Amino acid sequence: MGSSRQGWLGLALALAAYVALRALLLGTNFDEFAMPQFEQFPMGTLPLLAGVEGGLPVSCVYDNSAGQLLTGWLAVPSYALFGETYLALKLVPLALGALALVFLWLAVRESAGERAALVAALVFALGPTTLVKYSTFASGNHFETLAFNALALWCTLRMHRTGVTPRRLLATGFTWGFAAFVFLGALSTVLLLALVHMGLRGPRATLRDLAWLAPGFAVGIAPLLALNAWTGWRGFEFLENKFTKEGSGADLGLVLERLAAFAGEHLLAATQYRDFGGLPGTFARVLFLAAFVAGYVLLVPAAWRGLRALARGALGQVGTSATRVEDALATFLCAYLPLTALAFATSGLEIAPKDPPMEAEGYRYFNTHLFYATFVIALGAARLAQGRRAWLLATPALAAGLFNGALVDWSFSHTNLGAHYDGFNVKQTANQLLTPRNGYSIEEACAMAESYPPGVRSALYLGMGRVRAMQRVLKSRGGELDLWSLLDEFPADRRPEVARGIGVAFRNLARMQSRLDTRFVEIAAARLAAGDELAGLALEGLATDWEVAMAWDLPKRLPELEALARELESRPELVPHFVRGVGSVLGRTLRRGVAIEAGAIAEFAPAMLARSQTAFSEGLGAGLEDGLRAAQLETPVEQVLPGLDVAAVARGRERRRAELAP
């Protein structure tokens, strides 16, 4: 179907609404949309790792979804244009979401016209909350897949409406394969599309079509197969674990229990609307679900016709009805929900509601369902009535979208935070360097680390120190801890960062166990007494968190640092080293140039300065010098923290510059 000028204007309106809502959310309330532990590595860090001769092969950071690599590669031009910031990283899923909206509009227009296409595009642009939040999460798979699912669906519909040709078969097969490359979960969409194609074409024609469909599919999925072959079939091992080893198997009672939870609990909760304007979020969830159920019911007759026609087509009795493509689409959409429910019921996939601001992450498996729900609502509206009355069905879903206003910080008091944060967390790369499944020795990992610029290299060694320390702790099982000998595994001139990484490990453990491991304190004290300077650096590392903290995390993180300082007060010789580490952490935080962070640090710093003015000031100087991006300080640090030893700050800066020398 062609489009009128009014139709294209409608698409532009939907895109404008999509961009405006997300710009408002990220501009005013960025931390609400930050999941650094799931975004900054590997997606945000991959641009810093790629293209370095002798460095870590990017295929080794692949987990179970190749979309993680795709998102990382797409971050390269975003970083080049806008800097290596967290906001620039989030522009990748935002752009893919806009692409998904366009293909959604094209697919719905292909089968139900421009009015229904506009309904679908606006419902997607404004909600549900889970989709809105995931359109800003650089997770690499659950949302990023939607653009390629919609492209595959549109290409399939377009081909069957305009005529099946070798070129269109080749292109359609490629979109099927590439969708599976981006996200293994897209295989359910591909399977349904393949069944639709066979039903519309019949078995004989389908066999002939394979001469073109199969090569296209093979090219699209080839990168996924290559990655899996390179990494020991990592992605397919994930599927095997979730659907065989951890699945419900033949336990019919458990399958029924999970089906009941899916339909009776998760289907309503999946949209994750929050309370807004004095109304409960449950009200919006009911509105959206009601619109979806109504649309689904309206599609059932067409889906039933389509199912019968597809079944006859699969047996060789291909029909010629003018509505057979539309009926086939209705069958596809109505089949997806029960297929998803069955997959959940028979698998080990977990839907675990989480506390704000991470609620949407607990419903990540519903992204594709919610996306297809916009199709259902739009096509149901088209079948309900013609003209303006067609909007009646979409109104509840669009009204529910207003509840996304709960995600906006209407005070506009902390804007543009995302442009101040790094988009990467290089030290987490150490997990891939030293994980047994990648099979690298310490020597090979060190050789890879040496291939990178000094700042990246330093972070990699710090991360490796943390990983090796955690491995030693797990091996000790609470008994005697052989910790310090791990330093001998690394080159002598890189051991300072490795020692700091040991401290990072015990900071992580202290948070998990709500106390500092006394074994670390005793080992550090003994080594310090023996004149080992690396022990002081390990104590510095104790102040550093493994994950990157957001501005709104500081009220939680600063008391943790104070509590650790108090735990060390029984060993006063250790305190200055830890205080130096605290200064370094706060220096790295201040260099981001976030006003609310500077205010919180100004209130917190006097307690550390009182413990050791010189050590804190030296650490602060080192932290101000530490970072892969230029500092954004607008006010001289001595004005932010009046009690500093300015000469010690300068010494700290000089020390860190020397450490980062090539």
Restricting attention to region 549-588, which residues are of a type in the set (Val, Ile, Thr) and touching an Asp or Glu at 6+ places or on another chain (Cβ under 7 Å)?
575
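Please find, among 130, 156, 136, the residue that is buried (at least 24 other Cβ atoms within 10 Å of the Cβ), among the hydroxyl-bearing types (Ser, Thr, Tyr) and either outside the structural domain of residue 372 (by TED's automatic domain parsing) or over 20 Å from residue 359 (Cβ atoms) (or both).
On the way: 130 fails: either outside the structural domain of residue 372 (by TED's automatic domain parsing) or over 20 Å from residue 359 (Cβ atoms) (or both); 136 fails: either outside the structural domain of residue 372 (by TED's automatic domain parsing) or over 20 Å from residue 359 (Cβ atoms) (or both).
Unique residue meeting the criteria: 156.
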Checking residue 437 against (1) surrounded by 14 or more Cβ atoms within 10 Å (Cβ to Cβ); (2) of a type outside the set (S, T, N, Q); (3) part of a helix (DSSP H, G or I); (4) within 26 Å of the chain's Cα centre (by Cα), the condition it does not meet:
(1)
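Checking the conditions here, which among 515, 495, 519 is basic (Lys, Arg) and assigned to a loop (DSSP other than H, G, I, E, B)? Break it down stepwise before answering.
Numbers: 495 fails: assigned to a loop (DSSP other than H, G, I, E, B); 519 fails: assigned to a loop (DSSP other than H, G, I, E, B).
Answer to the check: 515.
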Considering only residues that are hydroxyl-bearing (Ser, Thr, Tyr) and under 21 Å from residue 84 (Cβ atoms), which ones fall in region 425-443?
429
Does residue 348 qualify as being closer than 26 Å to residue 162 by Cα, in contact (Cβ under 8 Å) with a residue 60 or more places away in the chain and either in the same structural domain as residue 194 (by TED's automatic domain parsing) or assigned to a helix (DSSP H, G or I) (or both)?
no
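Pick from 296, 273: which is hydroxyl-bearing (Ser, Thr, Tyr) and over 30 Å from residue 355 (Cα atoms)? So that I can check it myself, show each step before the final result.
Details: 273 fails: over 30 Å from residue 355 (Cα atoms).
The match here is 296.
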Scan the helices (runs of 4 or more DSSP H) fully inside region 562-645 and keep the ones with 1 or more residues being touching a residue at least 60 places away in the same chain (Cβ under 8 Å).
575-590, 595-611, 613-625
Test: residue in region 161-176 that is closer than 29 Å to residue 393 by Cα and either more than 19 Å from the chain's Cα centre (by Cα) or at pLDDT below 95 (or both)
yes
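Residues checked against (1) within 20 Å of residue 575 (Cα to Cα); (2) more than 28 Å from the chain's Cα centre (by Cα):
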residue: 587; (1), (2): yes, no
residue: 604; (1), (2): yes, yes
residue: 614; (1), (2): yes, yes
residue: 646; (1), (2): no, yes
residue: 654; (1), (2): no, yes
residue: 657; (1), (2): no, yes
Look through 392, 379 and report the one residue that is more than 18 Å from the chain's Cα centre (by Cα), over 28 Å from residue 275 (Cα atoms) and assigned by TED's automatic domain parsing to the domain that holds residue 42.
379
Please state which of the following conditions residue 510 fails to meet, knowing it meets all the rest: (1) part of a loop (DSSP other than H, G, I, E, B); (2) surrounded by 18 or more Cβ atoms within 10 Å (Cβ to Cβ).
(1)
Pairs only if they're at least six apart or on different chains, beta carbon under 6 angstrom, first in region 505-524 and modelled with pLDDT of 90 or more, second acidic (Asp, Glu) and outside any helix (DSSP H, G or I); list them, first residue then second.
506/517; 509/517
Please name all residue pairs, on different chains or six or more residues apart, with Cβ atoms under 9 Å, provided the first residue is in region 168-189 and is outside any helix (DSSP H, G or I) and the second residue is buried (at least 22 other Cβ atoms within 10 Å of the Cβ) and among the aromatic types (Phe, Trp, Tyr).
183/148
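If you check 343, 302, which single one turns out to be over 20 Å from residue 262 (Cβ atoms) and touching a residue at least 12 places away in the same chain (Cβ under 8 Å)?
Working: 343 fails: over 20 Å from residue 262 (Cβ atoms).
The match here is 302.
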Any pair with Cβ under 6 angstrom, 6 or more apart, that starts in region 529-542 at a residue that is assigned by TED's automatic domain parsing to the domain that holds residue 495 and of a type in the set (Gly, Ala, Ser) and ends at one that is surrounded by fewer than 23 Cβ atoms within 10 Å (Cβ to Cβ) and in a helix (DSSP H, G or I):
535/527; 535/528
Just a yes or no: is a residue in region 387-403 at pLDDT 80 or above, closer than 20 Å to residue 65 by Cβ and either polar (S, T, N, Q) or not in a helix (DSSP H, G or I) (or both)?
no
For residue 384, are the conditions met, namely being farther than 26 Å from residue 141 by Cα, out of contact with any Cys (no Cβ under 7 Å at 6 or more places or on another chain) and crowded, with 23+ Cβ neighbours inside 10 Å?
no
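For residue 97, indicate whether it is part of a loop (DSSP other than H, G, I, E, B) and not β-branched (Val, Ile, Thr). Quick ask: steps written out before the conclusion?
Values: part of a loop (DSSP other than H, G, I, E, B): no; not β-branched (Val, Ile, Thr): yes.
Considered against the rule, which asks whether it is part of a loop (DSSP other than H, G, I, E, B) and not β-branched (Val, Ile, Thr), residue 97 comes out as no.
Identify all residues within region 521-545 that are of a type outside the set (A, V, I, L, M) and surrounded by fewer than 21 Cβ atoms within 10 Å (Cβ to Cβ); write none if there are none. Walk me through it before giving the result.
Let us first name the residues in region 521-545 that are of a type outside the set (A, V, I, L, M), namely 522, 527, 531-533, 536, 540-541, 544-545.
Hits for region 521-545 are 522, 527, 531, 532, 533, 545.
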Every residue from region 470-522 that is over 17 Å from residue 577 (Cα atoms) and within 27 Å of the chain's Cα centre (by Cα)
470, 471, 508, 509, 510, 511, 512, 513
Test residue 56 against the stated conditions and say whether it is crowded, with 18+ Cβ neighbours inside 10 Å and assigned to a loop (DSSP other than H, G, I, E, B).
yes
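Rundown of residues vs (1) touching a Lys or Arg at 6+ places or on another chain (Cβ under 8 Å); (2) more than 21 Å from residue 416 (Cβ to Cβ), yes/no style:
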{"position": "569", "(1), (2)": "no, yes"}
{"position": "611", "(1), (2)": "no, yes"}
{"position": "622", "(1), (2)": "yes, yes"}
{"position": "627", "(1), (2)": "yes, no"}
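Might you check whether a residue that is surrounded by 23 or more Cβ atoms within 10 Å (Cβ to Cβ) and over 17 Å from residue 330 (Cα atoms) occurs anywhere in region 99-114?
Let us first name the residues in region 99-114 that are surrounded by 23 or more Cβ atoms within 10 Å (Cβ to Cβ), namely 100-101, 104-105, 107-109, 111-112.
If we keep only those that are over 17 Å from residue 330 (Cα atoms) as well, we get 100-101.
Scanning region 99-114 turns up at least one residue that is surrounded by 23 or more Cβ atoms within 10 Å (Cβ to Cβ) and over 17 Å from residue 330 (Cα atoms).
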What's the number of the only condition in (1) at pLDDT 95 or above; (2) assigned to a helix (DSSP H, G or I); (3) surrounded by fewer than 20 Cβ atoms within 10 Å (Cβ to Cβ) that residue 464 fails to meet?
(3)
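Could you say whether any residue in region 14-25 is at pLDDT 95 or above and touching an Asp or Glu at 6+ places or on another chain (Cβ under 9 Å)? I'd like the intermediate steps shown before the answer.
Restricting attention to region 14-25, the residues satisfying the condition of being at pLDDT 95 or above are 14-25.
Among the residues that remain, those that are also touching an Asp or Glu at 6+ places or on another chain (Cβ under 9 Å) are: 25.
Yes, the conditions are met somewhere in region 14-25.
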Exactly one condition in (1) at pLDDT below 90; (2) surrounded by 17 or more Cβ atoms within 10 Å (Cβ to Cβ); (3) within 29 Å of residue 132 (Cα to Cα) is not met by residue 259; state its number.
(1)
Take residue 152 and decide whether it is assigned to a helix (DSSP H, G or I), over 17 Å from the mean Cα position of the chain (by Cα) and within 15 Å of residue 110 (Cα to Cα).
yes
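The values are calculated or read from the model by the stated rules, or taken from the named source; none is laboratory data. For clarity, every value in this text was computed on a predicted model and none was experimentally measured. Heads up, the Cβs are rebuilt from the backbone with ideal geometry, glycines too, and the neighbour counts pull from every protein chain shown.
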